[in-house]
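**Q** A single structure is presented below for examination.
The values are calculated or read from the model by the stated rules, or taken from the named source; none is laboratory data. Computed from a predicted model, the values in this text were never measured in an experiment. Cβ sites come from the backbone with ideal geometry, for glycine too, and all protein chains shown count toward neighbours. What goes into the accessible areas is simple: the full protein's heavy atoms, side chains included, and nothing from ligands, DNA or RNA. Shrake-Rupley method; radii C 1.70, N 1.55, O 1.52, S 1.80 Å.
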Amino acid sequence: MKNNKTVRAIVVFFTVVIFCICSASPFVCAILERNGTITLNVADSNTHKPLPGMSFRLYLFAAAYESGNGVGYDYVVPYDDCNMDMGNLQDAYLPIHLAHFANTHSLPYTEKTSDENGHILFDDLAPGVYLVLASESLPNYFMPSPFVVNIPLYDNENKSWVYDVNATPKMRIYGGSAENTFTYISVKKVWEEDRRHPESVTVSLLCDFTQVDTVELSEENNWSFRWENLSAKHNWNVVETVPDGYKVSYEISENTVKIINRADSDAPEGSPPSDETTTEEEELIYTGQLNWPIPIFSAAGLLLFSLGWAMFNFGNKDEEAV
């Protein structure tokens, strides 16, 4: 008799504990549950005055997929041939490289213009990562830099996924001194591995993110070049036409851009490099909460509850029969 009561007490105790654990954690739910929107607030960065009549283009370059408790991203075709790692979406040069790739390949986009309040709404957007690129600048304003937006975007403060994202392009006005001021930009090419590599690469000069010149870098010019007498009222950047089998990264120091190529680490020494793919772990964005134990705890709790209920009832019947 005492043994039955002891067993029933243990079962009930663990059932209550596991029930409390399950109740304290949210159940697994779909992250990519709906489409989203991107609202651009186009305004002067200093005065915050709305700027109507400014056009922006929107490109989808990566699709989202669920993986565990996070979201991963895969390049969509043909962006998978851009040869730049997507492991860090905060890389300042990623949107510049993608903008050049999209322009040179005439890739499709959606274009809209800011209204009288400086607002642009892109709606019904599938989960993924989008490139936002200005079509042209307004008079006396620098061309705003391209940037990327995730849908959905994870809100660390509220521990939730945001499907309707607001973004504010940086709209900076330039002074009269910029009209007669000139600058320069230098490029330096670096091969990460000491192995056989192409004898030359093509680098493009971008004025307001549009290609205006190209140069070949090789041993003959020490893998470097410098453009002089560039108008200071424009944004100047350089991007590489990446050789097959390499990934590219960029480092900026003042007016110098270092272009670094990394070959496939699995390729044997002296052989042509092969394509390198980004691992799922590099692409995955984690929310900080582990969901996989929840279904297990839930099932265990239900099982123990059922066992406890059965033993309690059968125990009562045994006592009544005595």
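**Q** I'd like the full set of residues that are within 19 Å of residue 100 (Cα to Cα), in contact with a strand residue (DSSP E or B) (Cβ under 8 Å, 6 or more places away or on another chain), open to solvent by 50 Å² or more (accessible area, probe 1.4 Å) and of a type outside the set (A, V, I, L, M), limited to segment 211-254.
**A** Residues satisfying the conditions are 211, 213, 214, 216, 234, 236, 241, 251.
**Q** Next question. Is it true that residue 87 is over 14 Å from the mean Cα position of the chain (by Cα) and either within 30 Å of residue 244 (Cβ to Cβ) or in contact (Cβ under 8 Å) with a residue 40 or more places away in the chain (or both)?
**A** Details: over 14 Å from the mean Cα position of the chain (by Cα): no; either within 30 Å of residue 244 (Cβ to Cβ) or in contact (Cβ under 8 Å) with a residue 40 or more places away in the chain (or both): yes.
The answer is no for residue 87.
**Q** Mind checking which residues of segment 111-155 are free of Cβ contacts under 8 Å to residues at least 12 places away in the same chain and either surrounded by 13 or more Cβ atoms within 10 Å (Cβ to Cβ) or outside any strand (DSSP E or B) (or both)? Give the steps one after another, and end with the answer.
**A** Initially, segment 111-155 is screened for residues free of Cβ contacts under 8 Å to residues at least 12 places away in the same chain, giving 139, 155.
139 - this is the single residue of segment 111-155 that is free of Cβ contacts under 8 Å to residues at least 12 places away in the same chain and either surrounded by 13 or more Cβ atoms within 10 Å (Cβ to Cβ) or outside any strand (DSSP E or B) (or both).
**Q** Could you list, in sequence order, all residues of segment 164-207 that are part of a loop (DSSP other than H, G, I, E, B), under 30 Å from residue 218 (Cα atoms) and open to solvent by 70 Å² or more (accessible area, probe 1.4 Å)?
**A** In the first step, residues of segment 164-207 are kept if they are part of a loop (DSSP other than H, G, I, E, B); the result is 168-170, 172, 174-175, 181, 192-199.
Filter again for under 30 Å from residue 218 (Cα atoms), leaving 192-199.
Scanning segment 164-207 gives 192, 194, 196, 199.
**Q** Scan segment 51-106 for residues that are of a type in the set (A, V, I, L, M), at pLDDT 95 or above, assigned to a strand (DSSP E or B) and farther than 24 Å from residue 160 by Cα and jot them down.
**A** Passing the criteria: only 58.
**Q** I would also like to ask the following. Go through segment 69-101 and give me each residue that's among the hydrophobic types (A, V, I, L, M, F, W, C) and open to solvent by less than 50 Å² (accessible area, probe 1.4 Å). Give the steps one after another, and end with the answer.
**A** Restricting attention to segment 69-101, the residues satisfying the condition of being among the hydrophobic types (A, V, I, L, M, F, W, C) are 71, 76-77, 82, 84, 86, 89, 92, 94, 96, 98-99, 101.
Correct list: 71, 76, 82, 84, 86, 89, 94, 96, 98, 99, 101.
**Q** Still on this structure, please answer the following. Filter segment 255-266 down to the residues that are surrounded by fewer than 19 Cβ atoms within 10 Å (Cβ to Cβ), among the β-branched types (Val, Ile, Thr) and closer than 20 Å to residue 207 by Cα and list them by number.
**A** Taking segment 255-266 first, the residues surrounded by fewer than 19 Cβ atoms within 10 Å (Cβ to Cβ) are 255-256, 258, 260, 262, 264-266.
Going one step further and asking which of them are among the β-branched types (Val, Ile, Thr), we end up with 256, 260.
Correct list: 256 only.
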